[in-house]
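These notes concern the structure reproduced below.
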Amino acid sequence: NVLFFLLTTIGSLGMDTAMIRFYYDSGEPRYRTLVVSSSLFLALAAGVILAGIGLAFSPAINAMLFDGVNHIKILHVTMFAVVVSVVNTVQLALFQAKRQPARYSALTFFRFTLMYGLSVFFLIRGDSVYGLMISQLIAYSITLAFGFFFARNDFRLAISPKISKEMLVFSAPLIIGSVSIWLLSSSDRFFLLRLSTLNELGLYSLGSRLASIVLFAVTAFQMAWPQFAFSRANEANTAYTNARILTYYLFVGILLVLGVTLFTPEILRILATPSYSGAGSVVFLLSCSFLFYGCYIIFFIILSLTKKTLSILPVTIPPLIVSVALNYYLVPSMGGMGSAVASTSAYLLMATLTFAFTNRLFPIRYEWSRIAKMILVAGIIIVAGRIFPSDSLLINITVKTSLVLAYF
């Protein structure tokens, strides 16, 4: 599954972002059709090449991943799934570009439901991991077919060499950037598993699940913001819009961080046993790391507007190095808290570097005074929430709800 997501990230060639960016360069229907068709064919070609290499070297990959145990048929299914997945990724970007959230959501929910329904069916049959990967392949394939039906008027059996070259130049750095971010998001578990205990990994994973409430909101924002920004790239008030977007994103994001952080002890009391109470220690930092990731998205879109995507390399590779270094040095002594510090530091650095690059290319006067007020108020509220502990669940919920409302 890790191999599947890594190859899908590489195989999509960043065409999902490139399609949305180039889609708004012209309102002429023929141009947009060529952008959609070219990006889909490029992703398909890359997926087929990657899968072909994977199939050809599957014995060697099997020996590397599974220590000699024969799971080649699982690898074969994975490679076929990569092909349909990369095309589906770019295909869904079309519905983002066209601002059709209902179709996007319907297709992703259908894929999710079908995949997990089939997984249960194959598991009951005793097919184990092979059945799970077959489920993935079937779900992506059927979703792809429905997607092409919905996009039948936006797609032609044609490709533009000129547009394809421009999109590849735009998206090539995004591949390395996407892999760097993927490694950054995965490094914490790797180091906890190798340098700490399974108990620390379990507590950290639960804390990460709670903090993911913030990530859900950031992901939704990530799906909506690019096409909004690209469609208004040529308007006179673009800089003003970007400045206000950061303010309002942080207003909502900080509110979510507050809610998750303050109510973590109560959530753990309701949903988990006392042995999991330690999971709450990492929630605040991980929530902040997801918040910083959203800031990176806002700044990165400006890089995309200028089409100077080569700048993504110096803003994504240093944070990965920082994450690896801090995890290596902090996890043995601090466990999950060490990973949380590493993750937060890396995402903060990534947002800061992206801001520095984008502000040099496209200066924007952000509303730093309003942002500073929100951060100050949030800090006071978090401290207040820690000062007034109570053994009563009802009193705690009442006091903390009042504190969250005070943020407004």
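General remarks:
- Residue count, region 328-367 (criterion: under 14 Å from L285 (Cα atoms) and crowded, with 23+ Cβ neighbours inside 10 Å): 8
- Any hit, region 275-286, residues being under 30 Å from V169 (Cα atoms) and either buried (at least 22 other Cβ atoms within 10 Å of the Cβ) or at pLDDT 90 or above (or both): no
- Looking only at residues in region 374-408 that are open to solvent by 100 Å² or more (accessible area, probe 1.4 Å) and over 19 Å from F284 (Cα atoms), the one that is nearest to the chain's Cα centre (by Cα) is F408.
- Any chance S231 is of a type in the set (G, A, S) and open to solvent by less than 10 Å² (accessible area, probe 1.4 Å): no
- With respect to the conditions (1) surrounded by 21 or more Cβ atoms within 10 Å (Cβ to Cβ); (2) among the β-branched types (V, I, T); (3) closer than 22 Å to L174 by Cβ, V48 falls short on a single one, namely (1).
- Scope region 152-178; condition surrounded by 15 or more Cβ atoms within 10 Å (Cβ to Cβ) and more than 28 Å from the chain's Cα centre (by Cα); matching residues: I159, S160
- Restricting region 1-37 to residues that are of a type in the set (S, T, N, Q) and touching a Phe, Trp or Tyr at 6+ places or on another chain (Cβ under 9 Å), the residue that is farthest from M79 (Cα to Cα) is T33.
The values are calculated or read from the model by the stated rules, or taken from the named source; none is laboratory data. None of these values were measured; they are calculated from a predicted model. Neighbour counts are summed over all protein chains in view; Cβ atoms, including those assigned to glycine, are modelled from backbone coordinates with ideal geometry. These accessible areas exclude ligands, DNA and RNA; they are computed on the full protein's heavy atoms, side chains included. Shrake-Rupley method; radii C 1.70, N 1.55, O 1.52, S 1.80 Å.
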